[in-house]
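See structure below.
The values are calculated or read from the model by the stated rules, or taken from the named source; none is laboratory data. Because the structure is predicted, anything quoted here is derived from the model rather than measured. Glycine also receives a Cβ, built like all others from the backbone with ideal geometry; neighbour counts cover every protein chain displayed. What goes into the accessible areas is simple: the full protein's heavy atoms, side chains included, and nothing from ligands, DNA or RNA. Shrake-Rupley method; radii C 1.70, N 1.55, O 1.52, S 1.80 Å.
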Amino acid sequence: MLNGEHGAGVAKALKLLVSLGDVFNAEKLVPVVSAHISGVSYKNLGDAGVEWLEDLVNLDAKVKIRSTLNPAGMDLKKWRNMGVPKNFADGQLRVIKAFESLGIETTCTCTPYLIGHIPKLGSQIAWAESSAVCYSNSVLGARTNRESGPTSIASAITGLTPYYEYRITENRVPQVIVDIKSKLVNRLDYSALGYTTGKKLGIKVPYFKGLGKPDLESLKTLGAACATSGGIALWHGEGVTPESEKMKANIKNLEKITIEDEDINDAKEKMSGNVSDPIICLGCPHCSLKELKETAKLVKNEKLGSRLWAFTSQGVYNEAKRVGYVKNIEDAGGKVYVDTCMVVAPLHEMGWKEVSTNSFKAAQYCTNMGIKTKMGTARELILEALK
Ligand code: F3S
């Protein structure tokens, strides 16, 4: 493959993976069965990134395995309604065209596992997007490192990845016990727990005790936050995640930290600022059908006094539209957008100054972009906004 016998595109992709393997002293390459690619927004890629992708297309590269895309910088159809400038949209559509030519599914979401892209326990995959990495490693028990956009594309094209870090059983053992003394009552609490844990542990693998009975939505926001404040790619939850039982033998004599109410409340207070007219942003990671259902129920036959934008995948949107949730939200004055999110859209060009959100990941990134941010549960934010 390196010699170009499978085409110049494959050779270019494999060269990148071999270099990556050399950096991490990987002993071999192993096959991967699925890829999820980040770095899709034109905001992050710019023209240099688009040219890199188009170069691969010109070299006749094609993906070998199921490959999905992370959110783009706009709803691919309703970008005008979002207020996305035309020059940005032109660049973004060029990006999507290049991905399409490579054979990648061009539905753009950070929750591919909610639209049927669900790798099996123990399978080797190449996923980028830190929240999806955390979900696939921890909740699904698949095996991936925190891939970048280019390395996930290279794996999609070659069907290979270097064998190191979280791909190896011994590297998946917990490193710190996180004993949760705080009662986690809503998803914002799980998001705060993830954020606090990431801050305390950096990239170490936590073993959570006392997670309660989180729903899927709590698990996705927990992982997203863990990966934002630290670099956590894998966590185990006693009685919750598929590898946790096996890992019990490895947790004796481990360092232990406790998370108290004070830690959770402190994280919320620090992340939440003063705002006067925020846009309520839901869907970081992208909303599930259940989250859209809950939103629809709260706003049904009501009128919102603030703007509310919910972000989701095309697949979840289609179902939400079919059962009437999208109509309920839109009738109340809210919007539901697909293929994008509040972090990868060009918010400044769209004139955004303030957001309120139920996600620590969104709050952290928006704050980093100079957007004033307030936090609350989805329910709190919506009820506050009803006229
Ligand atoms: Fe997804 Fe965007 Fe949040 S990619 S995890 S909604 S920052």
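Worth pointing out:
- Computed over the chain, the quotient of the alpha carbon radius of gyration and 2.2 N^0.38 Å is 0.98.
- Helix-only [θ]222 nm of the chain, DSSP H runs n ≥ 4, -39500 (n - 2.57) each, per residue, nearest 500: -12000 deg cm²/dmol
- K300-K353 FRET efficiency (beta carbon distance; Förster radius 25 Å; 0.05 resolution): 0.30
- Unit charges at the beta carbon, dipole of the range 24-109: most positive-side option, A26, Q92, A48: Q92
- GNM remark for the chain: springs join alpha carbons under 10 Å apart, and the peak mean-square fluctuation among V185, V336, V240 falls on V185.
- Greater than 20 Å apart at Cα, pairs in K220/K246; K297/K327; K270/K297; K204/K268: K220/K246; K270/K297; K204/K268
- In sequence order, calculated HN-Hα J values of the range 102-107 (Karplus, 6.51, -1.76, 1.60; Hz; x Gly/Pro): 7, x, 8, 5, 9, 8
- Computed with a 1.4 Å probe on the full set of protein chains, the accessible area for W127 sits at about 0 Å².
- Relative to the current alpha-carbon distance between I168 and N81, full extension at 0.36 nm per residue lengthens the span by 26.7 nm.
- The GluC sites (Glu not before Pro) of the range 1-80 meeting both criteria, a DSSP state outside H, G, I, E and B (loop) and at most 15 other C-beta atoms within 10 angstrom of the site's C-beta, are E5, E27.
- Under a 5 Å amide H cut-off, with hydrogens placed 1.01 Å from N, I37 pairs with T68, L69, N70, A128 among residues at least 5 apart or on other chains.
- Charge dipole of the chain about the Cα centre (unit charges at C-beta), most positive-ward option of H348, P119, V133: P119
- Sparsely packed trypsin sites (Lys or Arg not before Pro) within the range 1-33, loop by DSSP, other Cβ within 10 Å at most 11: K28
- GluC sites (Glu not before Pro) restricted to DSSP loop in the range 208-267 with at most 14 other C-beta within 10 Å: E260
- Summarising the amide proton neighbourhood of T340: residues at separation of 5 or more, or on other chains, whose placed amide H is nearer than 5 Å comprise A72, T312.
- Under-5 Å amide H pairs with T258, H placed in peptide plane, nonlocal only: D179
- Normalised contact order of the chain, rounded percent, pairs of Cα under 8 Å and 6 or more residues apart: 18
- Selection from A233, G210, T197 lying farthest towards where the dipole of the chain points positive, charges on Cβ: G210
- Dipole magnitude (debye, nearest 20) for the range 50-137, charges at Cβ of Lys, Arg, Asp, Glu: 300
- Label point distance in nm, K256-K327, each placed 7 Å from Cα along Cα→Cβ: 5.5
- 22 Å tail of the calculated P(r), the range 272-385, as % of Cα pairs: 26
- Over the range 36-99: Kirkwood hydrodynamic radius from C-alpha pairwise inverse distances, Å: 12.3
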